Amino acid sequence: METPPLSRRRATRAAPMVVLAAIYLLIAPIPAASEEPHETSPRSGQALFFPPVAGGVVREFDPPEQAWLSGHRGVDLAATVGEEVQAAGEGTIAFAGVVVDRPVVSIDHPVGIRTTYEPVEPAVSAGESVERGQRIGVLHEGNAHCSGPCLHWGARTGPKEYIDPLRLLRPPVVRLYPPEPW
C-alpha cells in the first residue's frame, strides 16, 4: 500500500479544524458598531488596578520604620467633596462605615491586597462584590491632614504590611527563572 503525499495528509488533518472555525464564526455574537466596549478587567500587560479618583498625588506614601511608629500608610489624591470614588480593582467590600469620625470603605481584592478609601461616604455594603471602576461612594469632608479636599488611599498585604498603592498602578512583572541548579 502506497502512502498518500504529505500535502494530502496535512489537508485531511486540517479539514475538521477549518469546519470548526467556520461554525464558530457563524455563531459567535457580533457587537453592534454603536456599542461601547465595557472593560472592567485589565488586558494583558495592563495594571490590575487604577486610581480611584482622577486627581494627582498631594501627599506620598511615607511608611514608618516600625509598625507602631507614626507615618503615612497610603497616598493622598486631590479630589473635590462629592466627587465619585471608584473601586481601584475588583473585590469584595470588607468594610463600609465610620471609623472614629470618618467614613471609610475597604475592599479585599482576590490578589491578597486590601485597599482602603477615606473619607468616603459609602454607596456599597460589607460583603458586596465590586468590579474595577465601580462607584463605591463619594468623597466626604474631613481629611484634615490635607490643605484641601483629598482622598486617602491605602493598600496592605497583611495586618501590618502596608504597601504604596501607587505600585498597584503598574503592570505586574513576571520573572521566569531557570530550573535549579543555576
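Could you tell me which numbered condition Pro172 fails, if it satisfies all but one of (1) at pLDDT 85 or above; (2) part of a loop (DSSP other than H, G, I, E, B)? Every condition holds for Pro172 apart from (1).
Picking from residues in the range 90-99 that are in contact (Cβ under 8 Å) with a residue 24 or more places away in the chain and under 13 Å from Thr116 (Cβ atoms), the one that is farthest from the chain's Cα centre (by Cα) is Gly97. For the condition hydroxyl-bearing (Ser, Thr, Tyr), at negative phi and touching a Phe, Trp or Tyr at 6+ places or on another chain (Cβ under 7 Å), Ser106 qualifies.
If only residues of the range 61-87 that are within 21 Å of Arg114 (Cα to Cα) and β-branched (Val, Ile, Thr) are counted, the one that is modelled with the lowest pLDDT is Val75. Applying the criterion of being closer than 24 Å to Ala47 by Cβ and small (Gly, Ala, Ser) to the residues of the range 124-168, the residue that is surrounded by the most Cβ atoms within 10 Å (Cβ to Cβ) is Ala155.
Checked against the criterion of being in a loop (DSSP other than H, G, I, E, B), out of contact with any Gly (no Cβ under 7 Å at 6 or more places or on another chain), at pLDDT below 80 and more than 15 Å from Ile93 (Cα to Cα), the range 124-143 has at least one qualifying residue.
Can you tell me which residue is surrounded by the most Cβ atoms within 10 Å (Cβ to Cβ) among those in the range 90-109 that are at pLDDT below 95 and part of a loop (DSSP other than H, G, I, E, B)? Filtering the range 90-109 for residues that are at pLDDT below 95 and part of a loop (DSSP other than H, G, I, E, B), the one surrounded by the most Cβ atoms within 10 Å (Cβ to Cβ) comes out as Asp101.
The values are calculated or read from the model by the stated rules, or taken from the named source; none is laboratory data. Quantities reported herein were computed from a predicted structural model and do not represent experimental measurements. Note that each Cβ is placed from the backbone with ideal geometry, even for glycine, and that neighbours are counted across all protein chains shown.
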